[in-house]
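Novice: Sending over a structure as structure tokens; questions will come in a sec.
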Amino acid sequence: DGAVLSGDDAIFVISGGPVLAEIYGVVTTIIGGAANGKLTQTTTVPAATIDLSAGAVAVDTDAAGTSYRHINTTAVLTPVTAGSVITGNAFATNDMTFLLVPGTVFFNSSAAQTGVIAWYMKYTPLSPLSRVAAAA
């Protein structure tokens, strides 16, 4: 649902096979206070929990329209307060592509806050059985 919870909020479920993906977020309702956030994934086989983001970043009182993307080879979760951004061809500004195996992708927040982030995934299935669904 895109809520900023304390801990994990499931946003996507991958099943049937791996996908190559880019993940973006857009704040639709202002974040109500101080919190840090990152993306994680709990994989099915092998069973593991991994950080997709290089680390948590401040999402404190981010206004509606702020967007989030991962850049650089270290997958830095990057807030863009103007919402839209020119994605240059310089190495440091390229969007990060993830190889994601079956499991659940989460937005992990350090504190519950009012606010909503709409999450989007652009992906390429790597198997005829690969599926991505919004988490319930």
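Novice: Pairs only if they're at least six apart or on different chains, beta carbon under 7 angstrom, first in segment 43-69 and in contact (Cβ under 8 Å) with a residue 60 or more places away in the chain, second surrounded by 14 or more Cβ atoms within 10 Å (Cβ to Cβ) and in a strand (DSSP E or B); list them, first residue then second.
Specialist: If the second residue must be surrounded by 14 or more Cβ atoms within 10 Å (Cβ to Cβ) and in a strand (DSSP E or B), the pairs left are T43/G103.
Novice: Considering only segment 110-121, I want to know if a residue exists there that is of a type in the set (S, T, Y), farther than 17 Å from G7 by Cα and at pLDDT 95 or above. Write out each step before concluding.
Specialist: First, the residues of segment 110-121 that are of a type in the set (S, T, Y): 110, 114, 120.
Keeping just the survivors that are farther than 17 Å from G7 by Cα gives 120.
Filter once more, keeping what is at pLDDT 95 or above: 120.
Yes, because at least one residue in segment 110-121 is of a type in the set (S, T, Y), farther than 17 Å from G7 by Cα and at pLDDT 95 or above.
Novice: Do you know which residues across segment 16-29 are touching a Gly at 6+ places or on another chain (Cβ under 9 Å) and either free of Cβ contacts under 8 Å to residues at least 60 places away in the same chain or surrounded by fewer than 16 Cβ atoms within 10 Å (Cβ to Cβ) (or both)?
Specialist: Filtering segment 16-29 for residues touching a Gly at 6+ places or on another chain (Cβ under 9 Å) gives 25-29.
Residues satisfying the conditions are T28, T29.
Novice: Looking at (1) among the hydrophobic types (A, V, I, L, M, F, W, C); (2) under 13 Å from the mean Cα position of the chain (by Cα); (3) open to solvent by less than 40 Å² (accessible area, probe 1.4 Å), can you tell me which one V13 breaks?
Specialist: (3)
Novice: Next question, about the same structure. Test each condition in (1) under 16 Å from the mean Cα position of the chain (by Cα); (2) open to solvent by 70 Å² or more (accessible area, probe 1.4 Å) for D62 and report the one that comes out false.
Specialist: Evaluating D62 over (1) under 16 Å from the mean Cα position of the chain (by Cα); (2) open to solvent by 70 Å² or more (accessible area, probe 1.4 Å) leaves (2) as the failure.
The values are calculated or read from the model by the stated rules, or taken from the named source; none is laboratory data. Just so you know, these numbers come straight off a predicted model, no measurement behind them. So basically every Cβ, Gly included, is an ideal-geometry build from the backbone, and we count neighbours across all protein chains shown. Just the protein is used for accessible areas: all its heavy atoms, side chains included, with ligands, DNA and RNA removed. Shrake-Rupley method; radii C 1.70, N 1.55, O 1.52, S 1.80 Å.
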